[in-house]
Amino acid sequence: MTDIAIEMVSVNKWFSDFHVLKDIDLTVKSGERVVICGPSGSGKSTVVRCINRLETHQKGSIRIYGSEVTERPEDLRGDVGMVFQQFNLFPHLSVLENLTLGPMKSRGLSRSEAEDRARRYLERVKIPEQADKRPGQLSGGQQQRVAIARSLCMEPKVMLFDEPTSALDPEMISEVLDVMVELAEEGMTMIVVTHEMGFARKVADKMVFMDAGEIVETGAPAEFFGNPKSRRCQTFLSQILSH
Amino acid sequence: MRLLLPLVALALLSGCSSSTTWGWYVINPWTPSGWVNIKFLIGGMGATILISVIAAVLSIVLGLLVALPGLSSRWYVRLINRVYVEFVRAIPLLPMLFWVFYGLPIIFRSMGLDIPIDPFWGAIITLAISDSAFTAEIYRAGIQSIARGQTEAAQTIGLNYLQTMRYVILPQAIRRILPPLANQFIYIVKMSAFASVIGMQELTRRANELVVTEYRPLEIYTLLILEYLVLVLVISAGVRWLERRMGSDERG
Ligand SMILES: Nc1ncnc2c1ncn2[C@@H]1O[C@H](COP(=O)(O)OP(=O)(O)OP(=O)(O)O)[C@@H](O)[C@H]1O
Ligand SMILES: [Mg+2]
């Protein structure tokens, strides 16, 4: 088995005639944590969404543990967990049902197996007592932790996070980041789109800076924050670190 | 004006006894013959309800099947939905009824199939097809009102298309779909009157037949209208109850 988790080679994507991703090359090793940052509209979400096939790319290749995402997208979905900015929990189901749906319907677990697993992951995101509530009754931070647990219940090989704390009130950001840090420490392979640079410094093995559909700069956090090479990256970092 | 109305009503009612304008005796429940007539007229209620209910059920299924391609991201799949909806909506009910009742059996026979179409099924097929264009649009609007993020979240936990519909989208869409769908049932009930022209013994047909023997169109058609009115008011009350329940669910 290869220890390359995700390999993107010259990935190009257009939204009709708008060239949104330009020759993206990105390799993520198994167990590696990659943080992607960049200005709004630079294509960060699109990169992440191409990896789990919520968007389709037109040129280049994306491989997850060696298999091309274009080939069997439905097999890959459970292996690649995704946490959205807007949580996207299922409002008509209880927290527990949100967590058991995927394992039961797509992994074929029995209800009791799925519920055991769900309670285990709710424990890990520190809200075991909320199992029977509806998502609408929880705070934003709690909802996002449920969303993380929902992904973990599929026991994915890779977790993708698209600005998981951007929709949260400031006082709830840390409770979500804490869960993500723990996940990182346990060795989960992660790609995180975020502007939380404190989090990035703490967990990232690799930083990726995107602008206008291109990967402008990649590097280890120390080097990336201490000595950014490109002009665009310097400007971006000075802007977001100043507040 | 206020004063005039009761006066007019009184004038009309006074005609009852004189029987030159009104002749309520044809449907007077206190005379044996009037009672027989009333029973005959109301006896069509069962057929009207049965036709409407079966047509509505078929339309609900057919509408969903037509709505789903309308939600595709591929234009040529959406086209199937558009063509069906525009085509069916454009056809007036009566010509469609004639086509189904008199035309369709010929097509079946030419294909070597011996499928007779009686007035009962002719009416049901026509009503179901005609109504399905509207139910399809109701479904489409209801499903589209569920945010795209729900579909995406379902996909990321490995659900396929049908599972996503079944467990995530439809349960949420149903509260927006059910009230207008129930309203659409009123349309079917009213349109079922057309079944009379192909000989279906429902409310309107029975009224027509009685008019032919009794020569009392005013009284008989008045009763007919009241019959539909009662039917529709009962359904409306049901729809309002449903809307209230759906609404309170959403808050809870
Ligand atoms: N479905 C779409 N159709 C057309 N254009 C799109 C679509 N989705 C995104 N875009 C455009 O593609 C570009 C990149 O979008 P993307 O969401 O990947 O940016 P982002 O880096 O995630 O930005 P943000 O920080 O605002 O989330 C933007 O200019 C956006 O307007
Ligand atoms: Mg984004």
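The values are calculated or read from the model by the stated rules, or taken from the named source; none is laboratory data. Because the structure is a prediction, the values reported are computed rather than measured. Every residue, glycine among them, receives a Cβ derived from its backbone with ideal geometry; neighbour counts consider all protein chains shown. For accessibility, only protein heavy atoms count, side chains too; no ligands or nucleic acids. Shrake-Rupley method; radii C 1.70, N 1.55, O 1.52, S 1.80 Å.
Here are the numbers for the structure shown:
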read-out	value
Accessible surface buried upon A-B contact (total; probe 1.4 Å; Å², nearest 100)	1600 Å²
In Hz, Karplus ³J(HN,Hα) per residue of the stretch A:16-30 (6.51, -1.76, 1.60; θ = phi - 60°; x = Gly, Pro)	6, 9, 8, 7, 8, 10, 10, 6, 7, 10, 8, 10, 10, 7, 4
From phi via Karplus (6.51, -1.76, 1.60), per-residue ³J(HN,Hα) for the stretch B:149-157 in Hz, x at Gly/Pro	x, 5, 4, 5, 4, 4, 5, 6, 9
Average accessible area per residue (Å²) across chain A - probe 1.4 Å, nucleic acids and ligands excluded	43 Å²
Estimated FRET transfer efficiency (residue B:57, residue B:208; beta-carbon r; R0 22 Å; 0.05)	0.20
Where labels lie 7 Å past Cα in the beta-carbon direction, separation of residue B:145 and residue B:28 in nm	5.2 nm
Scaled radius of gyration (Cα, divided by 2.2 N^0.38 Å) that the stretch A:65-153 gives	1.11
For the stretch A:171-201 versus the stretch B:81-149, the gap between their alpha-carbon centres in whole angstrom	55 Å
Antiparallel DSSP beta bridges within the protein assembly as shown, percent to nearest 5	55 percent
Column: log10 I(q)/I(0), Debye, Cα scatterers of the stretch A:3-127, q = 0.19 Å⁻¹	-1.14
Peptide A:102-109, shielding by other chains (average Cβ, 10 Å cutoff)	4
Mean Cβ neighbour count within 10 Å, used as a protection proxy, ranking B:148-161, B:38-51, B:221-234 highest first	B:148-161, B:38-51, B:221-234
Förster-model FRET efficiency, 60 Å R0, residue A:119 and residue A:18, C-beta, rounded to 0.05	0.85
Ratio Rg/Rh [Cα only; Rh per Kirkwood] for the stretch A:109-243	1.03
Portion, in percent, of the accessible area of chain A that falls on carbon or sulfur, probe 1.4 Å	45 percent
Table column - 3J(HN,Hα) (Hz), the stretch A:118-126, Karplus curve with 6.51, -1.76, 1.60, x for Gly and Pro	4, 5, 4, 6, 5, 4, 5, 8, 6
Packing-based order for A:83-93, B:104-114, using average beta carbon neighbours within 10 Å, highest first	A:83-93, B:104-114
Coordinate range along principal axes, alpha carbons of the stretch B:178-246, Å, largest first	48, 23, 12
Amide H within-cut-off set for residue A:109, under 5 Å, with H built and near neighbours excluded	A:104
Where the Cα pairs of the stretch B:108-236 fall when distances are cut into 10 Å bins, in %	11, 26, 24, 20, 13, 5, 1
Ordering of A:116-122, A:66-72 by packing [mean C-beta count within 10 Å, highest first]	A:116-122, A:66-72
Solvent-accessible ranking of B:24, B:35, B:99, B:30, largest area first, probe 1.4 Å	B:30, B:99, B:35, B:24
Added length on full extension, which subtracts the Cα-Cα distance from 0.36 nm per residue, residue A:223 to residue A:182	12.4 nm
For chain A, share of DSSP beta bridges that run antiparallel, in % to the nearest 5	55 percent
Projected-area mean, chain B, by convex hull of Cα positions, square nanometres	20.3 nm²
Gaussian network model of chain A, springs between alpha carbon atoms under 10 Å - residue of A:64, A:215, A:127 with greatest fluctuation	A:127
Descending principal axes extents, the protein assembly as shown, alpha-carbon based, whole Å	106, 56, 50
Å² of accessible area per residue within the stretch B:143-252, as computed with a 1.4 Å probe and no ligands counted	50 Å²
Cα gyration tensor category, rounded, prolate or oblate, for the stretch B:44-144 with a/c compared to 1.5	oblate
Sorted largest first, extent of the stretch A:140-193 alpha carbons per principal axis (Å)	30, 18, 17
For A:86-95, mean number of other protein chain Cβ atoms within 10 Å	5
Exercise: per-residue mean of other protein chain Cβ atoms within 10 Å, A:154-163	1
Kirkwood Rh, angstrom, chain A [1 / mean 1/r, Cα pairs]	18.5 Å
Alpha-carbon centroids, the stretch A:39-63 and the stretch B:35-67: separation in whole Å	52 Å
When each of A:22/A:229; A:44/A:206; A:126/A:202; A:44/A:105 is checked by Cα-Cα distance, pairs over 23 Å	A:44/A:105
